Amino acid sequence: MSISTNRQGSTLLVDVAKVQVRGALYVAEARLRIMMKWIWMIIGIAIANPVLYLISVGIGLGGLIDKSVGVGGVDGVKYLTFLAPALLAQAAIQGAMDETIYPTIQGFKWHKTFYSINSTPLSGAQISIGVFLAAFLRVIYTVLFYFGVMWAFGALQSPKAWLAVPTAIFAGISFGALMQTLAAKLENENIFFVILGRFIMMPLFLFSGTFFPLSSMPFFLQWLGWISPLWHATELGRYLTYGHVISSPVMWAHFVILATMLVGGLYFSARIFTRRLAK
Amino acid sequence: MSQFLISARGLTKKFGDLTAVDGIDFNVSKGESFGLLGPNGAGKSTVMRMIGATSQRDAGDLTILGKDPENNGPQIRAHLGVVPQQDNLDMELSVTENLYIYGRYFGLPRKFVRGKIDELLTFAQLEEKRDSKVEALSGGMKRRLTIARALVSEPEILMLDEPTTGLDPQARHILWDRLFRLKEQGVTLVITTHFMDEAEQLCDRLIVMDKGRIMAEGSPASLIKDYSTKEVLEVRFGSDRNQEVADKLKSMCDRIEELPDRLLMYTDDGESLLEKIYDAGLHPKTSLVRRSSLEDVFLRLTGRTLIE
C-alpha cells in the first residue's frame, strides 16, 4: 500500500490565486454542509415560530385590538398588517444570530476549527466572510419560510407585503455581522449567553416598536429603538408594505444605520478573525 | 532559492515579556525527517506556528519553500500539511466529510478530492469508519484522521506537533508505523515531541530545545555519542540512601546523575561497573543496565528530565 504523497504534488495541485478569490465560498460551502445536519430542526423552527406567533399574538391579541379600537386602529391598518414586517425581521435576526454566534465561538474555542482552516491557504478574513455568507443564506430561507406561513395564514393583507422580505433580510444580516464581530472577541461565552438572552434579545424584541409604535413609549425609552436594527428594519418594512408615514430623511437614516452596522460589522469581524488566529 | 526547504536564522518570538523562541538557527532539507525535542514550554509549538506561516516572528529570518512567511502566508500554507497538537476536526461532520471540506479549502477539484479520500482512508486505516461522526472516534483514530487530512493536498512538508501525546501505547505504535511509511516514501517531516523514543524512531536529525534555545543538534545516534556514554547503569538504594551512596560511587564512572528515586551512572560497560559496586560492598536494591538514550542527552544538557 502506498500513498501518493511521495509525488508531493501540491505544487501542481494547489492554485493559490484561485483560492484567494474563492476562499470564502469554500468556507461557506463547509458551513452549509454542517447546516444540512440540522436542516429538519431549522425548518421546524422556521415553521413553528411564525405559526405560534401568528396564532397567539396575531389572531388572539390582534383580534382583540382590532375589535376594541376598530380596524385601522394601529397605524391606520389591521394589527396583523402592522405586525407582519416586525415579526419577519425578528425571525431574520434570530436566524442570523444562530448562524454567526455559535459557529464563531465553536471555530475559535469549542472545536478550534478556524485554526485548522487557517493552516490551509485561507486567511482569517476569508473565514469571517465565509461564515457570514452561510448565515446570509440561512437568513434568506428563514424569511422566505416565515413569509410563506404568513401567506398561508392570510396574514398578508397589503398587496405590497412582499416588500418586507428584503427589509427583514437586511435587518438579519446587519445584526448577524455585529454579532459575529462580538463573538470573535469573546473569551468567556457563558456570561455572554446570559447577557445576550436576557439583556439584548428580549429588550430588543419588546422595545423595537414590534407590538406597538415606538412613539407610544415614553420619550426616554425611545433611544432603545434607535440602537436596534430590528426597529429600523421594521420601520422600513412598514413604509414599504402599507405606506406607514416616515419623512424621507428618517427613512434614509434607517437605511444608513443598518448599512453601517453591516459594513462595520463585516470589516471589524474580518480584522478580529485575522488577529485572533495569528495570536 | 537555497537548497533547504526551511531555513531559520536568529528566529525569535516574544509574548509580552516572555521570549518563547530566542534567536535559533536551523535548516531542514528535502526528504529529511527533522525533529524538535524538548519539554513542554520549550518553544517547540511556537516554532511550528511560525513555520506554519500562521504566527509571525518578532526578529530574525525565516524562509519556507524559498519564501518569507511574513508576506507569503497563503503561498506557503498551500504546500504544507499541518497536524496541530490538539485535533481540530469538525466534530459535526463525518470522517469522509472532514477530508472533503479540507481538500476544498485548498481549492482542489471535487472529483480529485473524492478519489483521494479512499486512498487516505486506507492509509489511516479508517475505511470502516468512513461514515462515522468524528465525535465517535477513539483518540488514536482522530489523530490518524488529522494526519490523513493534512495529506489531502499532497503537501511538500508534513508538520506534526506532538503527534502521539495522549495516546495509549498501542495507538502510538500504529501511528508511528504510519509515519514511518511516509518517511520511507520521502515525505519531508517536521515533528515536535517530548518523547525521546519517538524522536529516536522517527527523526533523522533533531534539535534539542529548552527555554526557547537550541541546546544541541544532530542525529539521535550522534547526540547520544557526543553527550552521553554507551551505557547507563541505573541503581536504587532507597530514596533516603541514594545521595549518601552517590558520593562514594562518583569516582567509579564517567558521570553520575541523582534523580529523586534512582542514580544514573554513565559508563561504557555497565555490567563490569555493577560488579565493581558489589565488590565495594554496596548492595543496590535494584539495578538495570541499558543503552544511553536521548533522555540522557537532555539530562546532561539541562540537568532536568524531559517529562517533569
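The values are calculated or read from the model by the stated rules, or taken from the named source; none is laboratory data. All values derive from a computational prediction rather than experimental measurement. In this analysis, Cβ positions are derived from the backbone assuming ideal geometry, glycine residues included, and neighbour counts consider all displayed protein chains.
If you go through the stretch A:265-276 and keep only what is surrounded by fewer than 23 Cβ atoms within 10 Å (Cβ to Cβ) and within 14 Å of chain B (Cβ to nearest Cβ), you end up with A:T274, A:R275, A:R276. Of all residues in the stretch A:121-168, those satisfying the criterion of being outside any helix (DSSP H, G or I) and within 27 Å of A:A24 (Cβ to Cβ) are A:P121, A:L122, A:S123. The residue that is farthest from B:L120 (Cα to Cα), counting only those in the stretch B:178-195 that are surrounded by fewer than 22 Cβ atoms within 10 Å (Cβ to Cβ) and among the hydrophobic types (A, V, I, L, M, F, W, C), is B:F195. Among the residues of the stretch A:188-221, those identified as free of Cβ contacts under 8 Å to residues at least 60 places away in the same chain and touching a helix residue (DSSP H, G or I) at 6+ places or on another chain (Cβ under 7 Å) are A:P203, A:F207, A:L214. Residues in the stretch A:69-127 that are within 11 Å of another protein chain (Cβ to nearest Cβ) and of a type in the set (S, T, N, Q) were compared, and the one that is surrounded by the fewest Cβ atoms within 10 Å (Cβ to Cβ) is A:Q106.
For the stretch B:236-308, please list each of the strands (runs of 3 or more DSSP E) lying entirely inside it that holds at least 3 residues being outside the structural domain of B:M209 (by TED's automatic domain parsing), under 30 Å from B:A42 (Cβ atoms) and more than 25 Å from the chain's Cα centre (by Cα). Talk me through it step by step, then tell me what you get.
Working: elements: B:255-258, B:263-267, B:286-291.
Answer list for the stretch B:236-308: B:255-258, B:263-267.
Each residue in the stretch A:190-246 was checked for being polar (S, T, N, Q) and not in a helix (DSSP H, G or I), and 4 pass.
Let me confirm something: among B:D197, B:D177, which residue is over 14 Å from B:N40 (Cα atoms), of a type in the set (D, E) and without any contact (Cβ under 8 Å) to a residue 60 or more places away in the chain?
Values: B:D197 fails: without any contact (Cβ under 8 Å) to a residue 60 or more places away in the chain.
Going through B:D197, B:D177 in turn, the sole match is B:D177.
Has the stretch A:211-223 got at least one residue that is hydroxyl-bearing (S, T, Y) and at pLDDT below 90? Taking every residue of the stretch A:211-223 in turn, at least one turns out to be hydroxyl-bearing (S, T, Y) and at pLDDT below 90.
Given the options B:V82, B:V134, B:V152, name the one that is under 26 Å from A:L277 (Cβ atoms), touching a Phe, Trp or Tyr at 6+ places or on another chain (Cβ under 6 Å) and either within 11 Å of another protein chain (Cβ to nearest Cβ) or surrounded by fewer than 20 Cβ atoms within 10 Å (Cβ to Cβ) (or both). Steps first, answer last, please.
Numbers: B:V82 fails: touching a Phe, Trp or Tyr at 6+ places or on another chain (Cβ under 6 Å); B:V134 fails: touching a Phe, Trp or Tyr at 6+ places or on another chain (Cβ under 6 Å).
Criteria check complete, one pass: B:V152.
Of the set (1) away from every other protein chain (no Cβ under 14 Å); (2) more than 25 Å from B:G107 (Cα to Cα), all apply to B:R178 but (1).
Screening the stretch A:52-68 for residues that are farther than 24 Å from A:A96 by Cβ and aliphatic (A, V, I, L, M) and picking the one that is surrounded by the most Cβ atoms within 10 Å (Cβ to Cβ) gives A:I65.
Is it the case, given these coordinates, that B:L126 is crowded, with 19+ Cβ neighbours inside 10 Å, away from every other protein chain (no Cβ under 12 Å) and either under 26 Å from the mean Cα position of the chain (by Cα) or on the phi > 0 side of the Ramachandran plot (or both)? Before the answer, list the steps.
On the way: crowded, with 19+ Cβ neighbours inside 10 Å: yes; away from every other protein chain (no Cβ under 12 Å): yes; either under 26 Å from the mean Cα position of the chain (by Cα) or on the phi > 0 side of the Ramachandran plot (or both): yes.
Taking the combined requirement at face value, the residue satisfies it.
Among the residues making up the stretch B:35-49, a single one is surrounded by fewer than 24 Cβ atoms within 10 Å (Cβ to Cβ) and hydrophobic (A, V, I, L, M, F, W, C): B:M48.
Looking across B:D197, B:D177, one residue alone is outside any loop (DSSP other than H, G, I, E, B), over 10 Å from the mean Cα position of the chain (by Cα), of a type in the set (D, E) and outside the structural domain of B:E258 (by TED's automatic domain parsing). It is B:D177.
Mind checking whether some residue in the stretch A:129-150 is away from chain B (no Cβ under 14 Å), farther than 21 Å from A:A48 by Cα and surrounded by 24 or more Cβ atoms within 10 Å (Cβ to Cβ)? Checked the stretch A:129-150: at least one residue is away from chain B (no Cβ under 14 Å), farther than 21 Å from A:A48 by Cα and surrounded by 24 or more Cβ atoms within 10 Å (Cβ to Cβ). Regarding B:S228, is this residue crowded, with 17+ Cβ neighbours inside 10 Å, small (G, A, S) and under 21 Å from B:Y266 (Cα atoms)? Yes. Of the residues making up the stretch B:64-79, just one is more than 12 Å from chain A (Cβ to nearest Cβ) and either buried (at least 23 other Cβ atoms within 10 Å of the Cβ) or under 21 Å from the mean Cα position of the chain (by Cα) (or both), namely B:I64. Filtered by the rule that a residue be within 20 Å of A:V143 (Cα to Cα) and modelled with pLDDT of 85 or more, the stretch A:172-205 gives A:G172, A:I173, A:S174, A:F175, A:G176, A:A177, A:L178, A:M179, A:Q180. Entry remark, the stretch B:111-122: residues being charged (D, E, K, R) and facing another protein chain (nearest Cβ under 10 Å) number 2 in total. If the condition is being assigned to a strand (DSSP E or B) and surrounded by fewer than 21 Cβ atoms within 10 Å (Cβ to Cβ), then the stretch B:7-19 contributes B:S7, B:R9, B:G10, B:T12, B:K14, B:F15, B:L18, B:T19.
Scan A:P159, A:P121 and give me the residue that is modelled with pLDDT under 95 and not basic (K, R). Walk me through it before giving the result.
Details: A:P121 fails: modelled with pLDDT under 95.
The conditions single out A:P159.
Looking only at residues in the stretch A:34-51 that are buried (at least 18 other Cβ atoms within 10 Å of the Cβ) and at pLDDT 90 or above, the one that is nearest to the other protein chains (Cβ to nearest Cβ) is A:I34.
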